[in-house]
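Notes follow once the structure below has been shown.
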Amino acid sequence: MITKMKTSKVLFTWLLIFSWPPWSHAQQSAPVEQVPYVPTPVEVVDRMLEFGAVNKGDIVYDIGSGDGRIVIQAAKKYGAKGVGLEMDQRLVELARRNATQEGVDRSVEFRQGDALKADVSAATVVTLYMLPSFNERLRPVLEHQLKPGTRVVAHDYPIEGWKPVKWEEMPLMDTRPEVTPHKHILYLYEWKPAGK
């Protein structure tokens with residue numbers, strides 16, 4: 001009986017040892033927090049583009065681009081170029097269809113992938129509607145890649161550690177069931193490397 005118990009303990013210990021590294025690696029390589037898809041209301045899209053002073057010479061990168069509405073509107077209304085970055089392949093495909101339907105598919109593109117690993121260095125304007133924890137992880141990516149003077153427009157959640165050039169609370173009350181009722185807040189940043 002004692003031998004069987006010792007054998008069981010030894011077997012359990014070996015199983016634990018051999019199963020630990022893959023489990024540990026899976027935890028380390030697990031995807032970063034998934035930000036839920038909540039479409040930006042059209043009125044907020046228009047105001048974000050105005051707030052960021054988007055014009056024909058701009059390249060607008062939308063992080064978490066969803067159905068593509070921000071870069072599509074930037075192309076339609078201002079003649080800007082645009083790039084949408086989105087994790088969900090289904091939304092990327094939807095955005096591409098929407099761009100074709102709106103006649104701006106030659107001015108915008110949508111890329112599937114992790115925005116934290118994307119190249120955003122070509123952006124002159126960045127828009128985002130992400131959670132604070134994501135913004136915190138995105139900040140060093142933006143600081144490393146953006147050119148001085150790049151405008152960043154954040155919807156509802158500021159970028160911790162950056163001081164906005166300006167911010168505003170829109171009078172529009174969001175009462176959609178998927179969000180807590182609130183008025184939309186926009187933050188405009190202009191990237192300047194430290195000491196410049």
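Throughout, read-outs are computed from the coordinates displayed, never taken from laboratory work. Predicted model only: the values in this text are computed from it and were never measured. Positions of Cβ are backbone-derived with ideal geometry, glycine not excepted, and every protein chain shown enters the neighbour counts.
For Met130, nonlocal amide neighbours, meaning residues 5 or more places apart or on other chains whose placed amide H falls under 5 Å from its own, are His155, Tyr157. In terms of surrounding Cβ atoms within a 10 Å radius of their Cβ, Asp88, Asp156, Asp114 rank from fewest to most as Asp114, Asp88, Asp156. With 27 Å as the limit, the listed pairs Lys117/Lys183; Lys76/Lys163; Lys117/Lys163; Lys77/Lys183; Lys77/Lys147 have Lys117/Lys183; Lys76/Lys163 beyond it between alpha carbons. Note on Tyr61, Tyr78, Tyr129: ascending count of other Cβ atoms within 10 Å places them as Tyr78, Tyr129, Tyr61, the fewest first.
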